[in-house]
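Asker: Pasting in a structure now, in structure tokens, and then I'll have a few things to ask.
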There are 2 protein chains.
Amino acid sequence: MALIVQKYGGTSVGSPERIMAVAERVQRWHAQGHDIVVVVSAMSGETNRLIGLAKAITPDPDPRELDQMVSTGEQVTIALLAMALQQRGLGAKSLTGAQVAIRTDSAFTKARIESIDDTLMRAELAKRNVIIVAGFQGVDSEGNITTLGRGGSDTTGVALAAALKADECQIYTDVDGVYTTDPRVVPQARRMDKITFEEMLEMASLGSKVLQIRSVEFAGKYQVPLRVLSSFGEGEGTLITTESEVTMEQPVISGIAFNRDEAKLTVRGVPDLPGIAFRILGPIGDANIEVDMIVQNVAADNTTDFTFTVARGEMKKALGVLETVAKDIGAREVVTDDKICKVSMVGVGMRSHAGVASKMFGVLAKENINIQMISTSEIKISVVVEEKYLELAVRALHTAFGLDAPAKA
Amino acid sequence: MALIVQKYGGTSVGSPERIMAVAERVQRWHAQGHDIVVVVSAMSGETNRLIGLAKAITPDPDPRELDQMVSTGEQVTIALLAMALQQRGLGAKSLTGAQVAIRTDSAFTKARIESIDDTLMRAELAKRNVIIVAGFQGVDSEGNITTLGRGGSDTTGVALAAALKADECQIYTDVDGVYTTDPRVVPQARRMDKITFEEMLEMASLGSKVLQIRSVEFAGKYQVPLRVLSSFGEGEGTLITTESEVTMEQPVISGIAFNRDEAKLTVRGVPDLPGIAFRILGPIGDANIEVDMIVQNVAADNTTDFTFTVARGEMKKALGVLETVAKDIGAREVVTDDKICKVSMVGVGMRSHAGVASKMFGVLAKENINIQMISTSEIKISVVVEEKYLELAVRALHTAFGLDAPAKA
């Protein structure tokens with residue numbers, strides 16, 4: 001029988017009734033003979049309620065004290081779930097991050113896990129007890145409570161699975177798996193049975209917000225099979241695992257991600273000199289603005305056009321920085337465009353299949369969609385197009401690359 | 001300068017605004033050069049909210065899990081108070097019971113403190129930081145979180161004061177001190193400046209619910225001067241201390257306590273044989289009914305009347321037990337009366353002053369109040385009278401024993 005780590009998010013444990021439903025699900029897995037470690041988040045709304053109390057006292061609460069306070073949200077949920085399991089006749093024990101102990105550095109509100117002591121958990125598992133661990137929290141070397149930052153419960157789940165060498169880490173959420181693309185845009189989107197860690201990272205960072213990126217990185221690093229499932233329905237969900245586990249019958253493209261939260265800035269007529277990219281992007285980085293895609297073209301007159309994208313909310317700030325920079329470097333002008341979007345095709349199959357990019361461009365051309373920027377990596381091709389074409393582009397690509405679900409009978 | 005432990009209850013920290021008011025008060029003490037350790041309860045209503053969540057899941061929650069959950073209430077308050085102090089520019093650090101560490105036995109929901117490690121607190125005090133400790137909680141030898149039972153924050157305050165050899169433990173509450181009697185009954189009731197631990201214990205157990213009895217016992221045992229003050233107003237409050245600290249000018253009687261929650265049961269015509277008291281009270285004890293006063297009189301016909309009092313809500317249950325017992329021992333009848341009350345005069349002065357009892361009886365006789373039962377201890381005389389005479393009896397005694405406050409100008 002297997003050792004399984006299950007993680008339930010705030011919505012899944014949002015009320016006593018839902019906690020009892022989680023207990024029922026845990027019991028079903030336990031009854032199959034599996035050893036179960038459960039990680040839970042705070043009940044939905046609780047973390048915000050606590051932060052609201054702190055903000056009523058000070059606009060800028062001390063991070064140590066914030067963690068001391070916010071960590072109570074998960075502590076309540078673990079106890080309630082333990083009670084619900086005991087009510088069903090199971091042996092169950094709740095553990096805070098400190099009790100486990102999940103040792104972190106002292107970077108309050110965004111701590112990183114350094115080590116996990118599995119002694120206590122192993123002893124309880126040996127007694128066939130279900131262990132319920134508070135997500136999102138740990139303890140530093142001085143006994144201070146730390147938190148891993150919002151959404152960090154996924155990371156706790158994966159880290160526990162890695163420490164215990166669990167057979168699988170199951171992330172229960174309000175969707176029933178990872179889809180080839182957003183079903184709200186493409187009704188024919190299919191739930192993927194399997195996807196590789198690398199693909200999932202590309203999908204997640206591109207806007208398919210199912211899992212915390214950091215937990216996927218962590219799972220990939222420690223090769224912990226990760227499964228996304230619905231905490232409300234049944235079904236196998238989507239398994240995120242190593243490439244060797246993903247069958248060879250996988251299509252070339254696994255999924256299509258997109259992101260509307262993009263804005264484009266172009267510095268025109270930049271003298272084509274060494275170091276010019278740094279002189280443009282250095283000040284942008286100094287202003288704490290994250291840059292996404294970057295494209296540079298050389299023009300005929302020995303000047304160049306330098307284009308990059310940022311989150312839409314950062315465009316004005318970036319423009320302010322660029323206007324000064326443009327003067328300094330003798331560029332002609334800065335133009336912006338916030339009516340754009342990014343569409344990305346992701347798939348490990350690209351590595352072994354040529355012609356994916358040209359097929360993609362062909363599909364878009366056939367729909368009369370002009371490509372403004374292109375960026376490629378080993379398993380991803382991203383294009384920037386006008387925002388109004390987003391749905392059309394995604395649907396056309398989804399169909400053309402054979403991702404549509406078969407029509408239902 | 002002094003080392004002072006201050007304890008604030010749930011009402012005093014019931015909202016962000018009130019927590020900020022507590023911070024202001026703490027800062028004032030700190031600015032006078034004192035070292036301050038603050039103990040706080042959960043925000044009022046929070047403990048009940050949490051228990052409500054547990055009860056929604058199971059009628060009979062596991063005590064360990066209940067403590068794991070309920071202890072979060074104080075954990076939130078300590079962090080909020082630390083933030084409020086930091087906002088005022090003070091160095092402040094919150095500590096849970098486990099972080100201190102306040103070591104207890106493993107009797108969840110009613111744990112007893114076994115030891116307190118003062119190392120961390122001393123180190124923080126040396127830096128002139130204010131320490132805020134979660135009341136009502138500790139940690140057992142296996143790292144499980146325990147609670148001391150409801151109201152246990154007073155005990156935490158006294159225990160910390162004892163461990164740190166503090167100069168004073170201040171209990172902030174919603175009254176401004178301990179009164180000679182309930183001001184709602186006697187408007188002339190006076191706030192006492194000082195009272196001994198023993199007197200306070202008699203006053204508390206008799207219904208003047210200002211402090212947890214257990215914390216007073218604890219303070220007496222470790223000779224920790226205890227002061228009750230208002231968290232909303234100013235003033236010196238009442239100092240509870242050793243007899244040698246209470247001046248000799250103290251009146252004979254310190255205060256008058258009373259209790260309406262009494263009912264009387266009399267077994268009439270009991271054969272006057274050895275062991276009869278045990279045969280009556282044994283079954284009462286077995287039924288978990290607590291007995292307060294006991295009186296036995298021998299009658300002329302070699303039978304006796306056996307009378308005792310119980311909490312009013314227990315009278316019916318006690319009667320059920322007694323009716324069986326009465327048959328067994330051949331008693332004539334059982335009569336009950338729940339229209340009674342107990343009035344008690346308390347004062348260490350009784351030890352050195354004769355005639356207190358007879359003066360008390362004289363005062364009551366003058367008011368035509370019939371005394372139904374009498375019970376005395378070294379520093380207390382209690383009588384049972386008809387409930388309708390309660391106010392009259394208390395007022396008459398209060399005046400006769402010189403407790404009335406001087407009329408205000």
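We did not get these values from a lab; they are worked out from the coordinates using the rules stated. These numbers come from a predicted model, not from an experiment. Every residue, glycine among them, receives a Cβ derived from its backbone with ideal geometry; neighbour counts consider all protein chains shown.
Asker: Using the Kirkwood radius over Cα pairs, work out the Stokes-Einstein diffusion coefficient for region B:263-337 at 4 °C and 1.567 mPa s, in µm²/s as a whole number.
Answerer: 107
Asker: Still on this structure: Could you line up A:Ser230, A:Ser358 from fewest to most neighbouring Cβ atoms inside 10 Å?
Answerer: A:Ser358, A:Ser230
Asker: Under 8 Å for C-alpha pairs, at least 6 residues apart: give me the relative contact order for chain B, rounded to a whole percent.
Answerer: 13
Asker: For B:Tyr179, what is the net charge nearby, where nearby means another residue's Cβ is under 11 Å from its Cβ and Lys, Arg count +1, Asp, Glu -1?
Answerer: Within the 11 Å Cβ shell, the charges total +1.
Asker: Let me know the charge dipole size of the protein assembly as shown about its Cα centre in debye, to the nearest 20, where only the beta-carbon of Lys, Arg (+1) and Asp, Glu (-1) is charged.
Answerer: 780
Asker: Binning at 10 angstrom from zero up to the longest distance, how are the C-alpha pair distances of chain B distributed in percent?
Answerer: Percent of pairs per bin, in order: 5, 20, 25, 23, 18, 8, 2, 0.
Asker: Between A:Lys55 and A:His353, with labels modelled 7 Å along Cα→Cβ, what's the label distance in nm to one decimal, could you check?
Answerer: Taking the simple label geometry, A:Lys55 and A:His353 are separated by 4.6 nm.
Asker: Another one. Where Lys and Arg each count +1 and Asp and Glu each count -1, what net charge lies around A:Leu273 among other residues with Cβ under 13 Å from its Cβ?
Answerer: Around A:Leu273, the charge tally is -1.
Asker: Of the residues B:Val325, B:Val13, B:Val343, which exhibits the maximal mean-square fluctuation in a Gaussian network model of chain B defined by a 10 Å Cα contact cut-off?
Answerer: Highest fluctuation of the listed residues: B:Val325.
Asker: Treating the beta-carbon of each Lys and Arg as +1 and of each Asp and Glu as -1, no other charges, what is the dipole magnitude of region B:3-173 about its Cα centre, to the nearest 20 debye?
Answerer: 500
Asker: Moving to a separate point now. How high is the relative contact order of region B:310-409, in percent, counting Cα pairs under 8 Å that sit 6 or more residues apart?
Answerer: Once divided by the residue count of region B:310-409, the mean separation gives 27 percent.
Asker: Next question, about the same structure. Amide H of B:Ala101 versus every other amide H placed in the peptide plane: which residues, excluding those fewer than 5 positions away on the same chain, fall under 5 Å?
Answerer: Long-range HN contacts for B:Ala101: B:Asp117.
Asker: Along the charge dipole of the protein assembly as shown, Cβ charges K/R +1 and D/E -1, which of B:Ser71, A:Gly320, A:Ala134 sits furthest on the positive end?
Answerer: A:Gly320
Asker: Let me ask another. What spacing in nm lies between the two simple spin-label points modelled at A:Arg28 and B:Phe278, each 7 Å away from Cα in the Cβ direction?
Answerer: That separation, rounded to one decimal, is 6.1 nm.
Asker: Another question, if that's okay. Positive end of the charge dipole of chain A (Lys, Arg +1 and Asp, Glu -1 on Cβ, about the Cα centre): tell me which of A:Val224, A:Val363, A:Ala396 has its Cα farthest that way.
Answerer: Highest projection toward the positive end goes to A:Ala396.
Asker: Take A:Thr266, B:Thr196, A:Thr180 and order them by how many other Cβ atoms sit within 10 Å, fewest up front.
Answerer: A:Thr266, B:Thr196, A:Thr180
Asker: Using alpha carbons only, how many angstrom separate the centre of region B:56-104 from the centre of region B:120-180?
Answerer: After rounding, the separation between the Cα centres reads 12 Å.
Asker: Let me ask something additional. Please give the contour-minus-distance gain from B:Ala2 to B:Arg268: 0.36 nm per residue of separation, less the Cα-Cα distance, rounded to one decimal in nm.
Answerer: My answer for the length gained is 89.8 nm.
Asker: Need one number for region A:256-400: average projected area of the convex hull over its C-alpha atoms, nm².
Answerer: Taking a quarter of the hull surface, the average projection is 9.3 nm².
Asker: Take the protein assembly as shown, drop everything but the C-alpha atoms, weight them equally and run the Debye formula without solvent; then report log10 I(q)/I(0) at 0.08, 0.09 Å⁻¹ to two decimals.
Answerer: Each listed q corresponds, in turn, to -0.85, -0.98.
Asker: Under 20 °C and 1.002 mPa s, how fast does region A:269-311 diffuse according to Stokes-Einstein, given a Kirkwood radius computed over C-alpha pairs? Answer in µm²/s, whole number.
Answerer: Using the Kirkwood radius from Cα pairs, D works out to 194 µm²/s.
Asker: Averaged over B:357-366, how many beta carbons belonging to a partner chain fall within 10 Å of each residue's beta carbon?
Answerer: Mean inter-chain Cβ contacts per residue within 10 Å come to 0.
Asker: Counting other beta carbons within 10 Å of each Cβ, put A:Glu65, B:Glu124 in order, fewest first.
Answerer: Exposure proxy ranking, most exposed first: B:Glu124, A:Glu65.
Asker: What net charge is computed for the residues neighbouring A:Tyr389, neighbours being all others with C-beta under 14 Å from the C-beta of A:Tyr389, Lys and Arg scored +1, Asp and Glu -1?
Answerer: Local charge sum for A:Tyr389: 0.
Asker: At 0.36 nm per residue, and after removing the present C-alpha to C-alpha distance, how many nm does the segment from A:Asp286 to A:Ser230 gain when stretched out fully?
Answerer: 16.0 nm
Asker: Now a separate question. In whole Å, what are the extents of region A:103-183 along the principal axes defined by its C-alpha atoms, from largest to smallest?
Answerer: Over region A:103-183, Cα extents along the principal axes are 47, 34, 17 Å.
Asker: Taking only C-alpha pairs under 8 Å that are 6+ residues apart, what is the relative contact order of region A:117-272 in percent?
Answerer: 23
Asker: Let me ask something else. Among the aspartates and glutamates, which fall within straight-line cross-link reach of B:Lys93, defined as a Cα-Cα distance under 18 Å, with same-chain neighbours fewer than 8 residues apart omitted?
Answerer: The qualifying aspartates and glutamates are A:Asp60, A:Asp62, A:Glu65, A:Asp67, A:Asp140, A:Glu142, B:Glu24, B:Asp35, B:Glu74, B:Asp117, B:Asp118, B:Glu124.
Asker: What does the charge dipole of chain A about its Cα centre add up to, to the nearest 20 debye, if the Cβ of each Lys and Arg holds +1 and the Cβ of each Asp and Glu holds -1?
Answerer: 680
Asker: For region B:3-173, report the translational diffusion coefficient in µm²/s to the nearest whole number, using Stokes-Einstein at 25 °C, 0.890 mPa s, and a Kirkwood Rh over Cα pairs.
Answerer: 156
Asker: Moving on to the next point. Given B:Lys317/B:Lys388; A:Lys194/A:Lys366; A:Lys264/A:Lys339; A:Lys110/A:Lys264; A:Lys264/A:Lys317; A:Lys165/A:Lys221, which pairs have Cα atoms separated by over 20 Å?
Answerer: B:Lys317/B:Lys388; A:Lys194/A:Lys366; A:Lys110/A:Lys264
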